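Laboratory data are not the source of any read-out in this text; all were calculated from the coordinates shown. Predicted, not measured: the structure shown is a model, and the values here were computed from it. Because the Cβ atoms are built from the backbone with ideal geometry, glycine has one as well, and the counts that use them run over all protein chains shown.
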Amino acid sequence: MNTIEDQIRNQGLLRIKKIIDKDRNGDRFIIVRTKKNIEFMREYSLELEDIKDIIRQLSIEDCFSGPEADRDPQYKGWIFKFSPMFEETKLYIKIRIESTEKSVCLSVHEFGKYDEVV
């Protein structure tokens, strides 16, 4: 971790993990129920707690983008994108930190399946 960008990403990742650890039944952390997220979770038989565990295992090396503002101006916060390995599959995880107490997983699925822009 030698750049300011790395330090900012590390702080963002730590914030996400703290929010997840404090979450109780979706009061601080939710996964948007898009078709691609639902399909991925079904295919791998994953529940919310499983996704939280995957996110808890993220490292700064998994972060390839962020922080950046949400493209939709109605949402405030910072977007971070990650590409960890899970069961020999590279994943794409996009999370928005909305505040110090809330975060939203916008995407979680196989990397490249939906033509993510890096």
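A few notes on this one:
- Order by protection proxy (mean Cβ within 10 Å, highest first), peptides 13-19, 104-110: 104-110, 13-19
- Candidate aspartates and glutamates - alpha carbon under 14 Å from Lys76, same-chain residues fewer than 8 apart omitted: Glu68, Glu98, Glu101
- DSSP bridge pairs, the chain: antiparallel proportion in percent, nearest 5: 85
- Three-way shape call for the stretch 30-73 based on the alpha-carbon gyration tensor, with the a/c threshold at 1.5: oblate
- Which labelled figure in [x] 8.7; [y] 7.2; [z] 17.8 is mean projected area of the Cα convex hull in nm², once derived from the coordinates: [y]
- The helix-only estimate of mean residue ellipticity at 222 nm for the chain, built from DSSP H runs of length n ≥ 4 each weighted as -39500 (n - 2.57), is -10000 deg cm²/dmol after division by the residue total.
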